[in-house]
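Asks: Supplied in structure tokens, the structure appears directly below.
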Amino acid sequence: MPINHPDHKGLARRDALARLLAGAATGSGLSRASLLGTLGLASASAAQAQLQPLPPYAVRTVLQSVANSRYHLVSGLSESGEVAGVVVARSGTKLGVGSADIWFGVSIPLPWLTFTKVDRFLPARWTAQGQPVPLPRYSGGYDAVAHDLSSNGIVVGGMATTSAQSSNKLYQACLWRNGTLVDLKVGSTRSQARPSVNNQGWVLSKAESADQHFIWRDGVRENLPRTARTGGEVINALSIDDAGAVLVAERFSGGRYFIYRQGAFTPLNLPSATRVSAVKQARNGVVFGELAQVTAESTRSEFFMVRQGVTHVLSSLDARLLPTGFADRSVTVNDAGWLLFSQSGLNGGADRFWLWNGVSLVDLASLLPQGVALHAVFDMNRKGEVLAQVSLSGQGASAFVVLSPATPLVP
């Protein structure tokens with residue numbers, strides 16, 4: 001339940017929050033008002049406004065399945081409510097020469113040559129009404145996967161350039177614009193390309209080897225330096241925000257993160273910790289992650305947010321988050337300043353999914369109608385709509401859906 005429930009416990013939590021903010025401001029040299037401002041709140045009165053209950057959520061769209069497919073997976077939600085993902089289908093395999101595809105209900109059976117069945121991965125986009133639309137593949141018809149999409153409809157992903165039977169399958173970054181496949185022409189790598197895209201259509205990916213990352217902008221490629229500093233470890237470029245800033249992690253250094261912008265790396269100003277993990281970047285530039293202090297007796301998890309170069313540690317906002325930390329997946333921040341993240345279940349139990357804006361912390365499941373059981377979350381747009389996997393009352397199988405608030409979430 002939200003921490004803002006109007007009873008004496010809610011008031012006690014509110015008082016505790018006020019003390020926490022006052023203490024944090026004192027320790028950092030910031031006034032209480034300026035600390036609230038860095039969290040997206042202009043004043044104490046704005047903080048009280050944030051403590052109003054969130055609107056209820058409803059299932060707006062159920063993504064429809066594709067004929068003759070085994071299942072489908074989803075990866076991204078746009079501001080217009082479109083979804084990017086992949087359809088997994090069974091396909092007959094021709095002996096030694098390729099495959100006969102199942103393509104959105106159309107099959108080309110070759111039973112005299114077929115000796116086994118394999119999974120094929122077919123990229124797709126779902127409209128805001130939940131209708132699946134196939135995306136074209138490489139001329140060889142090999143697997144392709146959609147990973148992310150922008151608000152203007154650009155879908156990015158990776159395509160295989162060799163057959164499913166090849167032990168040395170090569171992958172290449174690509175995008176789809178207005179239903180047309182665009183090869184980024186950056187060479188292939190033996191690890192699957194997982195590009196991301198910002199709402200300007202700039203693509204972040206890797207090419208030729210796992211050590212070379214690049215930004216692709218309207219056909220022009222900018223290679224990132226391979227290390228963030230002289231003598232440093234090889235980098236992993238994780239995501240790109242709408243201003244073109246890239247979140248970078250040094251691959252083997254255990255906790256050093258940087259922002260790459262216009263040819264320069266700026267280290268994230270993080271408090272000392274035994275371990276830094278689950279670091280994510282939103283398209284509005286906010287970075288969120290977990291700090292772990294590990295001792296022989298225990299492990300203490302704290303949360304941090306970096307906004308406009310200022311780092312805030314958020315460990316004590318709600319004791320419900322501390323026992324297990326949060327899962328290294330399903331973490332996103334929308335442009336209204338709301339964070340959506342998942343928390344590992346206690347003792348192997350089900351994960352929990354939280355909405356948080358720096359003051360209010362709300363269990364997303366508490367906002368759903370009766371009969372909707374939440375299993376996973378994947379993305380959230382600026383209106384607060386959530387791409388999720390749920391079970392619906394009276395239906396056996398789970399479904400991928402878009403959950404929509406009664407009114408858009410506000411800063």
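Rule-based calculations on the coordinates, nothing more; no lab input. Since the structure is predicted, the reported quantities are computational estimates derived from the model, not experimental observations. Neighbour counts run over all protein chains shown; Cβ positions are idealised from the backbone, glycine included.
Asks: Taking a ≥ b ≥ c as the square roots of the eigenvalues of the Cα gyration tensor of the range 338-411, is the shape rounded (a/c under 1.5), prolate (a/b larger than b/c) or oblate?
Replies: oblate
Asks: Whole angstrom only: what separates the Cα centroid of the range 206-276 from the Cα centroid of the range 343-411?
Replies: Cα centroid of the range 206-276 versus Cα centroid of the range 343-411: 31 Å apart.
Asks: Quick one: if you stick a label point 7 Å off each Cα along the C-beta vector at Val410 and Thr311, how many nm between them?
Replies: If labels sit at Val410 and Thr311, their model points lie 3.4 nm apart.
Asks: For Ala296 paired with Ser277, estimate the spin-label separation in nm (one decimal), with each label point 7 Å from Cα along the Cα-to-Cβ line.
Replies: The modelled label-to-label distance comes out at 2.2 nm.
Asks: At 7 Å along the Cα-to-beta-carbon direction for both Ser393 and Tyr138, put a label point, then send me their distance in nm to one decimal.
Replies: Each label point lies 7 Å from its Cα, and together they span 4.8 nm.
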